[in-house]
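Engineer: One structure coming up, written as structure tokens, with questions to follow.
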Amino acid sequence: MKTVASTGCKRTAPMSNESAYQQCINVDCGATVGIDEVHVACPTCGSLLDVRYDWDKVELPARLSDFNARWATRNCPLDFSGVWRFRQLLNFCPDAVKITLGEGQTLLQRCDGVADYTGIRRGGLFLQYEGCNPSGSFKDNGMTAAFSHAAMTGATRVACASTGNTSASLAMYASAAGMAAVVFVGSGKIALGKLAQALDYGAHTLQIAGDFDDCMARVKQATEAMGLYLVNSVNPFRLEGQKAIMYRVLEGLAWEVPDWIVVPGGNLGNSSSFGKAFSELKHLGLIDRIPRMAVINSTGADTLDRIVNRKGLRYDGGHFDSRVIADDYAWQDANGVKADTIASAIEINKPVNMVKCLRALETCDGVVRAVPDAEILDAKAQVGRWGLGCEPASAASIAGLRRLVAEGVIGADERVVCILTGNGLKDPDATVGYHTGQAPGGKSIPEPRHFANGPIPVVNELDAIIAAIENA
Ligand code: F0G
């Protein structure tokens, strides 16, 4: 098992977890449970849980830049980890149980080429490249935290429902932790790169005859029936790890707060987690303002957009009308409404973190947009063209930014960070399909494919080859 017990890292956070507890997010309930208990919902009212801290008991840095010192001690796995080097800010388990695979060595890259495409002034757009993580997506930030909690509670079998990346990440961490992994994926609903990872890391992979929303409902039942440890983002510890994406964004900007964070929205774990990160940093006086946030759906999976923009639901300090969400999900069931988008990672119609996301939108004065697949794929091609590469879901953030600049919601002079959630190699079918017009696997590729760069067939003769190069 990859724990860090024997590394001799210098401990700057207290070893105990006395400061941490779990609390129901429902403001009318607020029940608390112990940090070492395993729940995916409040045992009293069934709402989501938060991890909370008694900050007075945590030894915090005086300013965020104090974390820079950890770069000098990267031989310690906890200081190397882009999650645990901020461990005072997610101090829920002892160091000895932490399971790390060196996640979070990610990059905040200024990208003027993509800035030009979106209408942001050169120098103002940064891409947070989470595709550099060990399993190729941002999920590893959450998985290191969830597995550390799983280890703390003595779990031996872990499970998730997934559109692909969670299963890949879970499978990787489970094999490192010596735990058995069970993943639920929708039949034909997962990009091949991700399925390949789950299989290769030895996860028990169940292809359910249904989509992600079906898998999510079933994995919750199986978890309850069998006592599996669930690592979907209903697990509040997952979201604690994902806060570190925002810490690294701030670090990449020399601890300056950007004007906007733009993030794709699927199950709404990231957006929820980012809101919590900023609300805590502000509360602790470690930042002086909170950036605005834009959450971007695909139009083929636009439940958040419908609920916020068409039904007008707001968090309202926790006093929102929860029937709006329940009625929407019931309407989907009654009408057989299913998510359908080329951005398979966010092909989700019943996001489990809806309420936490509404809370984050309030914290961050956020906006929501939905963008069509054709714009997502054009945006993805731009990210690739300017040297980074991401999977379709990630590019929703770029397509969404472009729309928001065109609408005047985001100003050309603002400083913007888009989160590229997953590596381009995860879904080569979508990429090759875009550039050739023919998708190797199932889904049709939407036109007009403005930046298609298909391969050029050439006869095997030097003159023809030279001509083909000259004509490029
Ligand atoms: N981008 C990628 C690449 C993803 O894999 C996901 C979610 C998201 C964005 C959406 O993030 O849920 O935090 O809003 N993938 C999950 C999975 C659902 O099963 O891999 P979110």
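Engineer: With Kirkwood's inverse mean 1/r over C-alpha pairs for Rh, give me the Rg to Rh ratio of the range 329-472, two decimals please.
Structural biologist: With Rg and the Kirkwood Rh in hand, the quotient comes to 1.07.
Engineer: Now for a different question. Radius of gyration and Dmax for the range 225-370's Cα atoms, expressed in Å?
Structural biologist: Rg, Dmax (Cα atoms, Å): 15.7, 50.
Engineer: Per residue of the range 291-297, what does 6.51 cos²θ - 1.76 cosθ + 1.60 with θ = phi - 60° give for ³J(HN,Hα)? Whole Hz please, x for Gly and Pro, Karplus curve as stated.
Structural biologist: Once rounded to whole Hz, the list reads x, 7, 10, 10, 10, 10, 8.
Engineer: Compute the distance in nm between two label points, each set 7 Å from the Cα along the Cα-to-Cβ direction, one at Asn335 and one at Asp56.
Structural biologist: Once both label points are built, they end up 5.2 nm from each other.
Engineer: Between the range 73-101 and the range 438-462, how many Å separate their Cα centres?
Structural biologist: Taking the Cα centre of the range 438-462 as reference, the centre of the range 73-101 is 44 Å away.
Engineer: Compute, for the range 242-296, the length of the dipole vector about the Cα centre, with Cβ point charges of +1 (Lys, Arg) and -1 (Asp, Glu) only. Units Debye, rounded to 20. Kindly include the intermediate steps, with their values, before the conclusion.
Structural biologist: Working: 6 positive and 5 negative charges, 32 e Å.
So the magnitude is around 160 debye.
Engineer: A follow-up question, please. Provide the net charge surrounding Asp116, with neighbours chosen by a C-beta distance below 12 Å and charges set as Lys +1, Arg +1, Asp -1, Glu -1. Intermediate values should be presented prior to the final figure.
Structural biologist: Working: positive: Arg121, Arg122, Arg385, Arg402; negative: Asp112.
Net local charge, Asp116 excluded: +3.
Engineer: Please give the length that would be gained between Leu199 and Asp112 if that part of the chain were fully extended, namely 0.36 nm times their separation in residues minus their C-alpha to C-alpha distance (nm, one decimal).
Structural biologist: That works out to 27.5 nm of additional length.
Engineer: Separate question: With a cut-off of 13 Å, note down the residues of the range 83-125 whose backbone N falls inside the zone around a label point 7 Å from the Cα of Leu284 toward its beta carbon.
Structural biologist: 84-92
Engineer: Follow-up question, since we're still on this one. Report the Stokes-Einstein translational diffusion coefficient (µm² s⁻¹, integer) for the range 66-181, Rh taken as the Kirkwood radius over Cα pairs, at 37 °C with viscosity 0.692 mPa s.
Structural biologist: This corresponds to a translational diffusion coefficient of 211 µm²/s.
Engineer: Now for a separate question. In the chain, if the dipole is taken from +1 on Lys/Arg beta carbons and -1 on Asp/Glu beta carbons about the Cα centre, which of Ser167, Gly424, Leu48 is farthest to the positive end?
Structural biologist: Leu48
Engineer: Considering only DSSP states other than H, G, I, E and B, which trypsin sites (Lys or Arg not before Pro) in the range 47-87 qualify as loop sites with at most 14 other Cβ atoms within 10 Å? Could you put the intermediate results ahead of the total?
Structural biologist: Numbers: sites: Arg52, Lys57, Arg63, Arg70, Arg74, Arg85, Arg87; in loops: Arg63, Arg74.
For trypsin sites (Lys or Arg not before Pro) across the range 47-87 that sit outside H, G, I, E and B with at most 14 neighbouring Cβ atoms in 10 Å, the list reads Arg63, Arg74.
Engineer: Now for a separate question. Per 0.36 nm of contour for each residue apart, how much would the distance between Val324 and Ala217 grow if the chain were fully extended, relative to their Cα-Cα spacing?
Structural biologist: 36.5 nm
Engineer: If you take all C-alpha pairs in the range 328-382, what percent of them are over 14 Å apart?
Structural biologist: 68
Engineer: Another one. Which shape class, rounded, prolate or oblate, goes with the range 253-309 when its Cα gyration tensor gives a ≥ b ≥ c as root eigenvalues, a/c under 1.5 marks rounded, and past that a/b bigger than b/c marks prolate?
Structural biologist: Taking the square roots of the gyration eigenvalues as a ≥ b ≥ c, the range 253-309 is prolate.
Engineer: Per-residue HN-Hα couplings for the range 219-232, Karplus 6.51 cos²θ - 1.76 cosθ + 1.60 at θ = phi - 60°, whole Hz, x for Gly and Pro?
Structural biologist: Once rounded to whole Hz, the list reads 5, 5, 5, 5, 4, 5, 5, 10, x, 6, 9, 8, 10, 5.
Engineer: Work out the charge dipole of the chain with +1 on the Cβ of Lys and Arg and -1 on the Cβ of Asp and Glu about the Cα centre, then indicate which of Ser444, Ala96, Asn460 is farthest towards its positive end.
Structural biologist: Farthest along the dipole direction, towards plus: Ala96.
Engineer: For the chain, what is the Kirkwood hydrodynamic radius in Å, using each pair of distinct C-alpha atoms?
Structural biologist: Details: mean 1/r = 0.0444 Å⁻¹.
The Cα-based Kirkwood calculation yields 22.5 Å.
Engineer: Would you mind counting up the charge near Ala150? Only other residues with Cβ under 12 Å from its Cβ, with Lys and Arg at +1 and Asp and Glu at -1.
Structural biologist: Residues close to Ala150 contribute a combined charge of +2.
Engineer: Separate question: Through the Karplus equation 6.51 cos²θ - 1.76 cosθ + 1.60, θ set to phi - 60°, convert the phi angles of the range 410-419 into ³J(HN,Hα) values in whole Hz; use x for Gly and Pro.
Structural biologist: These are the phi-based 3J(HN,Hα) values: 9, x, 4, 8, 7, 9, 10, 10, 9, 8 Hz.
Engineer: So, with a 1.4 angstrom probe, what is the percent of accessible area on the chain that is carbon and sulfur?
Structural biologist: 49
Engineer: Where the only charges are on Cβ atoms (+1 Lys, Arg; -1 Asp, Glu), what is the dipole of the range 253-365 about its Cα centre, to the nearest 20 debye?
Structural biologist: Dipole size: approximately 140 debye.
Engineer: Hey, another quick one. Per residue of the chain, what 222 nm ellipticity follows from adding -39500 (n - 2.57) for every DSSP H run with n ≥ 4, rounded to the nearest 500?
Structural biologist: Helices in the chain give a 222 nm mean residue ellipticity of -10500 deg cm²/dmol.
Engineer: Compute the distance in nm between two label points, each set 7 Å from the Cα along the Cα-to-Cβ direction, one at Ala467 and one at Leu253.
Structural biologist: Output for this residue pair reads 5.3 nm.
Engineer: Still on this structure, please answer the following. Amide H to amide H, which residues 5 or more places from Met293 or on other chains are under 5 Å from it, using H placed in the peptide plane?
Structural biologist: Ile261, Gly366, Val367
Engineer: Continuing with this model, one more query. Have a look at Asn297, Ser273, Leu284 and report the one farthest towards the positive end of the charge dipole of the range 260-326, computed about the Cα centre with Cβ charges (Lys/Arg +1, Asp/Glu -1).
Structural biologist: Asn297
Engineer: Could I ask something else about it? In nm, to one decimal, how far is the modelled label at Glu224 from the one at Asp413, with both set 7 Å along Cα→Cβ?
Structural biologist: About 5.5 nm, to one decimal.
Engineer: Place a +1 charge on the Cβ of each Lys and Arg in the range 314-472 and a -1 charge on the Cβ of each Asp and Glu, then give the dipole magnitude about the Cα centre in debye, rounded to the nearest 20.
Structural biologist: With only Lys, Arg, Asp and Glu charged at Cβ, the dipole is about 360 debye.
Engineer: Please return the longest range in the chain lying between exposed loop sites, taking GluC sites (Glu not before Pro), DSSP loop only, at most 15 other beta-carbon atoms within 10 Å, and leaving the sites out. Don't skip to the answer; put the middle values down first.
Structural biologist: On the way: sites that count: Glu18, Glu37, Glu59, Glu256, Glu461.
It runs 257-460.
Engineer: Ok, one more. In Å², and per residue, what accessible area does the chain have when probed at 1.4 Å with the other protein chains present?
Structural biologist: The answer is 38 Å² per residue.
Engineer: Near His450, within a Cβ-to-Cβ distance under 10 Å, what is the net charge of the other residues, with Lys and Arg +1 and Asp and Glu -1?
Structural biologist: So the surrounding residues net to -2.
The values are calculated or read from the model by the stated rules, or taken from the named source; none is laboratory data. Predicted model only: the values in this text are computed from it and were never measured. Note that each Cβ is placed from the backbone with ideal geometry, even for glycine, and that neighbours are counted across all protein chains shown. Surface areas here come from the heavy atoms of the whole protein model, side chains and all, with no ligands, DNA or RNA. Shrake-Rupley method; radii C 1.70, N 1.55, O 1.52, S 1.80 Å.
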